[in-house]
Structures are given as C-alpha cells and as structure tokens.
Amino acid sequence: MLSKLRSRLNYSTVMSTLALFVALGTGGAYAANTVGSADIIDNAILGADIKNAQVGVLDVATNTINSARVIDNTLTGADILESSLGKVGDADTLDGLNSSSLVGPRAYGRIDPGGCAAGAYPQVCTVTSAKNVTSVTRIDPGIYCITVPGGSPLSVPLIATVDVAGTAYPEADASVMTASGGCTAGGFAVFTQRHPWVEVSTPGGGVTTVAGTATFANTVGFTFVAP
C-alpha cells in the first residue's frame, strides 16, 4: 500500500497539496496594502463592515461652500444664526421717502391763497407748516394740484378742510373738496369754493338769506394731510 502511494507522488502533486493547505490555513489572506478600491464591488461595503469611529466626518475647507452648492429653497430660518446677520439697509430709498418721513402722516401742509403767485395760470403756491410736499400749483380759479413723493390719488387718500386763518370773510360760506382726477403727473386735486348769500322771499312777504350756488374761488385757505 505504502509502495503504491509513493509511486504516485511527484513534484506537482506535492506542491498542489501544499498550496491547498496554505489556503485553508490562512483563509485566503492578502498581503498588507494590496486591496484597493478597484478590488471592491461598488456599493458593497455596509455600515456593519466598518469599525466604529474609524471613518471621520467629512471636513469642508473654510469658504468653499457657495450659493451654487446649496439646493435652492432648502435653507430655513432655523439654519441661520440671526445675530450673525448684518443691519438692514437704511430706508432712505423706500418709496422715495427717507426714514424720518415714514413716521406719522406721509405729507401735510397749509395753503393761504394769498401765497400763490399772481398772473397767468398755473400759479405756484407757497406751502407752510409742510412735510414732504413736492409742489402746490393753482391751475385755475379755486383748483389746486398737490404732489407728494410716493403718493397718488389712486394709492393714497388726501384729506383737506377749510383753514379759517387763510379764508376771507364770511368764512362760513367756504368749502373744500378733494378729487381723484383733474391733475396731471399723479397730483391730488383740491377744489375751493364759496356759497354766496342769496336773499329769498319767505311766506308772509318777508325775506331770508340762504347759501347760493357754489362757485370756484381763490379766497379760501385750506390744510391737507396725506396719510
């Protein structure tokens, strides 16, 4: 039996058997630093295959993330440290007004009809006790156009009332009205009128005085406010 076994042994048989024992004994080990990325099937390594704390967090170099690297509309208020934000720009260009103009009414002023230029229309008028008034012009008897920055009759109302100090006697027959049209370049229209006294007969043969038909007049002062 032994003689038959010896007769079958040769160099190749011995080396093959030896290689098999080496492979079984080492578990098919690889030499150090011989396994690279190309030796691993893509997407085959799992979290369970990696020793804890052996893979660190990816470090991002300072000043390397810009707007192009962030998905649009993904950042929220919770992602931003408010104290790191700079001051909002001053409101000097907001709607044509500076920051002080945003406190209280948008504009206001007082018109004395005697402060308007004489001669042909349009007549430039002086505004007193004014805030943010661009210009006041009398374009016809009793018709004024007022312009204020950032305001027009379509977006901002104008409030006007008779100013006794600038109104000729009798002040009680004076009236002031505003209109959304009648002025160019977005100006506010203001109409000043008088109701002349008219005597009418009363039953029994007497007479009394009543307000007549309103007529445009340059003798009515007024104040105005644009909220």
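The values are calculated or read from the model by the stated rules, or taken from the named source; none is laboratory data. All values reported here derive from a predicted model rather than from experimental measurement. Cβ atoms come from the backbone with ideal geometry, glycine included; neighbour counts cover every protein chain shown.
Structure notes:
- Any pair with Cβ under 7 angstrom, 6 or more apart, that starts in the stretch 202-224 at a residue that is at pLDDT 90 or above and ends at one that is surrounded by 13 or more Cβ atoms within 10 Å (Cβ to Cβ) and of a type in the set (Asp, Glu): 221/112; 221/163; 222/163; 223/163
- Scanning the stretch 185-197 for residues that are surrounded by 10 or more Cβ atoms within 10 Å (Cβ to Cβ) and modelled with pLDDT under 80 gives a single hit, 186.
- Among the residues of the stretch 79-127, none is identified as of a type in the set (S, T, N, Q), modelled with pLDDT under 95 and in contact with a strand residue (DSSP E or B) (Cβ under 6 Å, 6 or more places away or on another chain).
- Residue match in the stretch 194-211 (condition: within 22 Å of residue 140 (Cα to Cα), of a type in the set (S, T, N, Q) and either part of a loop (DSSP other than H, G, I, E, B) or in the same structural domain as residue 144 (by TED's automatic domain parsing) (or both)): no
- Selection status of residue 114, in the same structural domain as residue 221 (by TED's automatic domain parsing) and not in a loop (DSSP other than H, G, I, E, B): yes
- Qualifying residue in the stretch 200-214 (condition: more than 26 Å from residue 157 (Cβ to Cβ) and surrounded by 13 or more Cβ atoms within 10 Å (Cβ to Cβ)): yes
- For the condition in contact with a strand residue (DSSP E or B) (Cβ under 8 Å, 6 or more places away or on another chain), over 23 Å from residue 106 (Cβ atoms) and part of a loop (DSSP other than H, G, I, E, B), residue 219 qualifies.
- Checklist (1) in a loop (DSSP other than H, G, I, E, B); (2) within 21 Å of residue 213 (Cβ to Cβ); (3) without any contact (Cβ under 8 Å) to a residue 24 or more places away in the chain applied to residue 121, failing item: (2)
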